[in-house]
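Pasting a structure here, questions to come.
The values are calculated or read from the model by the stated rules, or taken from the named source; none is laboratory data. Given the structure is predicted, the values throughout are model-derived calculations rather than measurements. A quick note on method: Cβ atoms are made from the backbone with ideal geometry, for glycine too, and the neighbour counts reach across all protein chains shown. Ligands, DNA and RNA are stripped out before the accessible areas are found, and what is left, the full protein with its side chains, is counted by its heavy atoms. Shrake-Rupley method; radii C 1.70, N 1.55, O 1.52, S 1.80 Å.
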Amino acid sequence: MTKEQIKSISIIGLGLIGTSLARAWQAAFEAEGRKLFISGYDNNFANKDKKEILNYGLNRFESDFQYLCAVDLVVLAAPVQENIKTLRKIKRFLKPKTLVVDASSTKQAIMDVAKELDVRFVGMHPIAGSELRGYQNSNPDLFRGKPVAICADEKLLKQAKVKDFQALMELIGAEPFVVDAASHDKIFAKISHLPQLLSTAIVNYCAEDLDKAGTGLQDMARLSGSAWLVWQDIFATNQTEIADVLAAFSQKLQSLSNDIRAGNYEAIEQEFQSGNENYQKLQKRTQQ
Ligand SMILES: O=C(O)C(=O)C[C@]1(C(=O)O)C=C[C@@H](O)C=C1
């Protein structure tokens, strides 16, 4: 294990994800009696937030990027297009040995920019979140038992510092898996971006009768509380994959509609049986 490679971290974007990472790492290091220095930056912070954030795992709030030359790891934890802009801005402050990672939900667009800028970069996507936002809702256990996608070429994955970063994610209970950026964006269009859009669409489709709704709709609707600020960037950086998945899914809806209209209950029963089995698998995965 090469844990000593990373002793100072800077997190740019101090919302739910960035702050949850800071709190989780601080708690894990403290439990092991090790020291970790975490600084952070957020261009949306008022003076009161800059003070308050020091109670949320941060050792120091920074007001510019000068300090980045002194840290081992930089984490970009804002919405993806913001992260891309930040990457371009911070490039001149980074030392060649500095490792930069992001925590965005799409990987190809930011990985392309990192390559163009020749930054030592690992794309990360923790499959963890909440419909709630802001550092006030951060949770040091957010990543426990959750998968985390890691995108980097094989050469980089062998480097001690990159291994150390993966160990840092494991330290806070996350379960890293390696995937290439294109496959990542295709898979997550289906298993993350589609559910978000369906949740939003269903709550709007049912808007007139929400006063009569029970927990069934409530369960489907949780993601409709998600922040547009985050999701507009996801849609803008994964347009084709998401549009393709929506088109394929609408065919599935059309076929269900046809089966119901025709009274083709065998087909629907088959769908239910698969649904029951797949739900059990998902439960096992998410309740580990
Ligand atoms: O459960 C939530 O509120 C989420 O944010 C979920 C979810 C997901 O699809 O699993 C959504 C997007 C993020 O990139 C990671 C997690």
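Can we say Ala46 is farther than 21 Å from Ala160 by Cα, crowded, with 24+ Cβ neighbours inside 10 Å and out of contact with any Cys (no Cβ under 8 Å at 6 or more places or on another chain)?
Working: farther than 21 Å from Ala160 by Cα: yes; crowded, with 24+ Cβ neighbours inside 10 Å: no; out of contact with any Cys (no Cβ under 8 Å at 6 or more places or on another chain): yes.
When the stated conditions are applied, Ala46 does not pass them.
Just checking, does the range 50-60 include any residue being within 16 Å of the ligand (Cβ to nearest atom), open to solvent by 20 Å² or more (accessible area, probe 1.4 Å), touching a strand residue (DSSP E or B) at 6+ places or on another chain (Cβ under 9 Å) and not assigned by TED's automatic domain parsing to the domain that holds His193?
In the first step, residues of the range 50-60 are kept if they are within 16 Å of the ligand (Cβ to nearest atom); the result is none.
Scanning the range 50-60 turns up no residue that is within 16 Å of the ligand (Cβ to nearest atom), open to solvent by 20 Å² or more (accessible area, probe 1.4 Å), touching a strand residue (DSSP E or B) at 6+ places or on another chain (Cβ under 9 Å) and not assigned by TED's automatic domain parsing to the domain that holds His193.
Has the range 178-199 got any residue that is without any contact (Cβ under 8 Å) to a residue 12 or more places away in the chain, closer than 27 Å to Thr240 by Cβ and within 12 Å of the ligand (Cβ to nearest atom)?
yes
Now, a different point. Can you confirm whether the range 166-180 contains a residue that is farther than 26 Å from Ala77 by Cβ and surrounded by 15 or more Cβ atoms within 10 Å (Cβ to Cβ)?
no
Take the conditions open to solvent by 100 Å² or more (accessible area, probe 1.4 Å) and part of a helix (DSSP H, G or I) and apply them to Glu271. Does it pass?
No; evaluated as a whole, the condition is false for this residue.
Report whether or not Ser192 is closer than 22 Å to Asn137 by Cα and open to solvent by less than 40 Å² (accessible area, probe 1.4 Å). Don't jump to the end; show me each part of the working.
Numbers: closer than 22 Å to Asn137 by Cα: yes; open to solvent by less than 40 Å² (accessible area, probe 1.4 Å): yes.
When the stated conditions are applied, Ser192 passes them.
Further question on the same structure: I need the full set of residues from the range 218-254 which are away from the ligand (no atom under 16 Å from the Cβ) and surrounded by 13 or more Cβ atoms within 10 Å (Cβ to Cβ), in order please.
Within the range 218-254, Asp244 is the sole residue that qualifies.
Could you list, ordered by first residue, the pairs with Cβ atoms under 7 Å in which the first is in the range 215-236 and farther than 16 Å from Ala189 by Cβ and the second is more than 10 Å from the ligand (Cβ to nearest atom) and open to solvent by less than 60 Å² (accessible area, probe 1.4 Å), at least 6 apart or interchain?
Leu217/Cys206; Met220/Ile202; Ala221/Ile202; Ala221/Val203; Ser224/Thr200; Ser224/Val203; Leu229/Pro79
Do we have Arg34 as in contact with a helix residue (DSSP H, G or I) (Cβ under 7 Å, 6 or more places away or on another chain) and assigned to a loop (DSSP other than H, G, I, E, B) here?
Answer is no for this residue.
When you check Gly15 against the structure, is it open to solvent by less than 20 Å² (accessible area, probe 1.4 Å) and either in contact (Cβ under 8 Å) with a residue 12 or more places away in the chain or within 17 Å of Lys95 (Cβ to Cβ) (or both), yes or no?
Details: open to solvent by less than 20 Å² (accessible area, probe 1.4 Å): no; either in contact (Cβ under 8 Å) with a residue 12 or more places away in the chain or within 17 Å of Lys95 (Cβ to Cβ) (or both): yes.
Here the answer is no, as Gly15 does not meet what is asked.
Is it the case that Ile127 is within 16 Å of the ligand (Cβ to nearest atom) and within 30 Å of Asp49 (Cα to Cα)?
On the way: within 16 Å of the ligand (Cβ to nearest atom): yes; within 30 Å of Asp49 (Cα to Cα): yes.
Against the criterion (within 16 Å of the ligand (Cβ to nearest atom) and within 30 Å of Asp49 (Cα to Cα)), Ile127 qualifies.
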